[in-house]
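Read the figures in this text as sums done on the coordinates, not as results from a lab. None of the values given here were measured: they were computed from a predicted structure. Cβ atoms come from the backbone with ideal geometry, glycine included; neighbour counts cover every protein chain shown.
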Amino acid sequence: MIRHDLSHWPLVITVASGRATLDDMLAFTAEWNHWLDECDAFATLRIFTDAAALEHPEGSAQNAKKWLQEKGEAIRTQVMGMATVVPPAEYERVRRMNVEKLFGVPAATFQDLPSALAWLQTQVFEPRGRTLDAAAAKAAVAALAQ
């Protein structure tokens with residue numbers, strides 16, 4: 001299941017748990033299309049609650065590649081940064097993926113939420129004169145993870 005919270009804009013919070021279906025992934029990219037087409041610059045906090053949430057459903061790789069080709073410029077223009085939190089057991093494997101190179105925006109992978117929020121504050125929000133409400137973001141993550 002993939003759930004979003006936009007109430008802390010320009011921070012988009014996404015929590016994924018369990019194995020996603022191809023329909024889940026298509027809905028996910030449709031949400032991104034809306035944000036990229038209709039909204040101002042934003043940052044993302046992506047939380048993967050378990051190893052299954054990191055798995056890609058069959059057929060999604062081709063769709064993702066096409067989507068990145070179509071939306072790459074918009075992503076580089078509008079996404080201020082991407083913080084990803086993964087289960088500690090998956091950290092070493094996931095951190096080797098070069099998300100920053102793939103998306104062309106500042107990005108980092110973390111084992112815990114406080115580290116991700118600290119990175120977003122110092123590397124993404126503060127340089128733009130913005131403040132991140134870490135307590136509110138933590139509460140939103142907890143609500144989405146239920």
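Taking the Cα centre of the chain as origin, work out the dipole magnitude from +1 charges on Lys and Arg Cβ and -1 charges on Asp and Glu Cβ, in debye rounded to 20.
About 360 debye.
Going by average Cβ neighbours within 10 Å, how do the peptides 4-17, 124-137, 102-115 rank, with the highest at the top?
The densest-packed peptide leads the list: 4-17, 102-115, 124-137.
Taking 7 Å along the Cα-to-C-beta vector as the label spot, tell me the Trp9-Asp112 distance in nanometres, rounded to one decimal.
3.3 nm
Could you pull out every whole DSSP H run in the chain that spans at least 27 Å of Cα extent along its own axis and averages 1.6 or higher on the Kyte-Doolittle scale? Don't skip to the answer; put the middle values down first.
Values: long enough: none.
Span-like helices, by this rule, are absent here.
Going by the alpha-carbon gyration tensor, a ≥ b ≥ c the square roots of its eigenvalues, is region 1-70 rounded (a/c under 1.5) or, if a/c is not under 1.5, prolate (a/b greater than b/c) versus oblate?
Values: a/c = 2.34, a/b = 1.22, b/c = 1.92.
Here region 1-70 falls in the oblate category.
Could the peptides 83-89, 58-64, 26-32 be put in order, highest first, of the mean number of other beta-carbon atoms found within 10 Å of their residues?
On the way: 83-89: 18.4, 58-64: 12.7, 26-32: 15.6.
Put in order of decreasing packing, that is 83-89, 26-32, 58-64.
Once you order the gyration tensor axes a ≥ b ≥ c over the Cα atoms, which shape class does the chain get: rounded for a/c under 1.5, otherwise prolate or oblate by comparing a/b with b/c?
Cα axes put the chain in the rounded bin.
With both partners inside the chain, how many of the DSSP beta bridges are antiparallel, as a percent to the nearest 5?
Rounded to the nearest five, the antiparallel share is 25 percent.
Let me know the shape class of region 21-107, please: from the alpha-carbon gyration tensor, a ≥ b ≥ c as square roots of the eigenvalues, rounded when a/c is under 1.5, otherwise prolate if a/b is greater than b/c, or oblate.
Since a/c reaches 1.5 but b/c is at least a/b, the shape of region 21-107 is classed as oblate.
At 7 Å along Cα-to-Cβ for each site, give me the label-to-label distance between Ala30 and Ala143 in nm.
2.4 nm
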